[in-house]
Amino acid sequence: MNGADLKAKTRAGGIVYGTMLSAARNPRWAATVAGLGLDYVIIDSEHAPRGRSEIADLLSGLTSVDVVPIVRVPIPSSHYITMALDAGAQGILAPYCETPDEVREVVGATKWRPLKGELVRRVVEQGEFPSDASREYLERRNRNSVCIVGIESVPAMEALDDIVAIDGVDAIFVGPNDLSISLGVPDQYDHPDYEAALRTIIATCQARNVPVLIHHQTAELSQKWLREGARFVLHCTETRAVHNAFRADFAAIRAVGEEVGGGDATDVGESEETI
């Protein structure tokens with residue numbers, strides 16, 4: 001699958017599955033990712049301490065497998081977006097967007113690179129290209145670029161109608177931690193206000209045929225919101241998945257150790273990663 005395939009599948013109502021890489025840096029992670037049956041991965045550079053060269057190395061490894069690599073940039077800025085795309089990303093997740101102007105900058109950089117300045121603003125706002133040849137060239141060059149916009153606050157929700165109306169937005173991302181804090185119910189993912197907000201976001205996006213991905217960390221939450229319409233599944237991170245797998249395995253092993261007199265079994269507890 002490439003970025004164009006991913007967009008076509010979601011526009012047709014299909015479901016795609018992915019996770020976020022919060023700590024992986026070595027390109028050899030691509031072989032592990034390839035065996036997971038995922039459609040895409042998001043490489044985080046908003047919260048994860050990765051540099052430009054590390055992201056480029058990881059992207060180089062991921063281009064060799066059948067998984068769409070998307071980068072979550074630090075801020076919704078054309079500077080960071082074009083750096084990630086130039087390094088080999090096939091998509092961008094722009095976090096914490098709150099205004100149509102921010103989103104137009106994101107769309108311009110993601111969809112019409114390397115056009116810049118006044119000319120890219122004319123393309124995004126008026127559909128006016130320097131020439132038909134330029135339009136065809138830019139469409140070919142950016143055919144795999146996936147544009148995902150982060151809606152993570154109450155002001156962003158209030159602007160959502162205008163944001164999803166902007167041509168070039170391929171999906172809307174919800175960050176549960178940020179959104180729940182903005183709503184005044186931090187990390188309360190069963191709170192009526194949080195659930196109502198997600199339903200509003202999904203309904204608004206469905207009206208424009210724009211898929212929604214919500215970055216939940218438990219299978220139960222991912223399943224719940226898949227049933228409620230979040231067709232672009234973004235589940236967990238590689239670090240949390242490793243934590244959970246080791247926790248489950250060693251809980252079972254330690255229980256037997258306790259049976260045979262090896263001391264009390266302990267539980268390391270849930271992962272505390274928030275990303």
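For this structure, a couple of remarks:
- Conditions (1) in a loop (DSSP other than H, G, I, E, B); (2) closer than 24 Å to VAL210 by Cα; (3) open to solvent by less than 50 Å² (accessible area, probe 1.4 Å); number of the one not met by VAL65: (2)
- Test result for GLU238, more than 31 Å from the chain's Cα centre (by Cα) and over 22 Å from GLY13 (Cα atoms): no
- If the condition is being open to solvent by 20 Å² or more (accessible area, probe 1.4 Å) and of a type outside the set (Phe, Trp, Tyr), then the stretch 78-95 contributes SER78, HIS79, THR82, MET83, ASP86, ALA87, GLY88, GLN90.
- Test: residue in the stretch 80-87 that is closer than 26 Å to TRP225 by Cβ and in contact (Cβ under 8 Å) with a residue 60 or more places away in the chain: no
- The residues of the stretch 24-49 that are assigned to a loop (DSSP other than H, G, I, E, B) and either touching a residue at least 40 places away in the same chain (Cβ under 8 Å) or surrounded by 21 or more Cβ atoms within 10 Å (Cβ to Cβ) (or both), listed by number, are ALA24, SER45, GLU46, HIS47, ALA48.
- Residue ranges of strands (runs of 3 or more DSSP E) in the stretch 161-275 with at least 2 members surrounded by fewer than 18 Cβ atoms within 10 Å (Cβ to Cβ) and not aromatic (Phe, Trp, Tyr): none
- On inspection, ILE55 does not qualify as open to solvent by less than 10 Å² (accessible area, probe 1.4 Å) and within 16 Å of the chain's Cα centre (by Cα).
- Filtered by the rule that a residue be aromatic (Phe, Trp, Tyr) and touching a residue at least 40 places away in the same chain (Cβ under 8 Å), the stretch 123-142 gives no residues.
- Condition met for TYR17 (open to solvent by 30 Å² or more (accessible area, probe 1.4 Å), closer than 26 Å to TRP225 by Cβ, in a strand (DSSP E or B) and touching a strand residue (DSSP E or B) at 6+ places or on another chain (Cβ under 8 Å)): yes
- So ALA12, is it closer than 21 Å to VAL169 by Cα and surrounded by fewer than 16 Cβ atoms within 10 Å (Cβ to Cβ): yes
The values are calculated or read from the model by the stated rules, or taken from the named source; none is laboratory data. Note that the structure is a prediction, hence the values are computed from the model and not measured. Cβ: placed from backbone, ideal geometry, glycine included. Neighbour counts: every protein chain shown. Accessible surface is based on the protein model in full, side chains and every heavy atom, while ligands, DNA and RNA are left aside. Shrake-Rupley method; radii C 1.70, N 1.55, O 1.52, S 1.80 Å.
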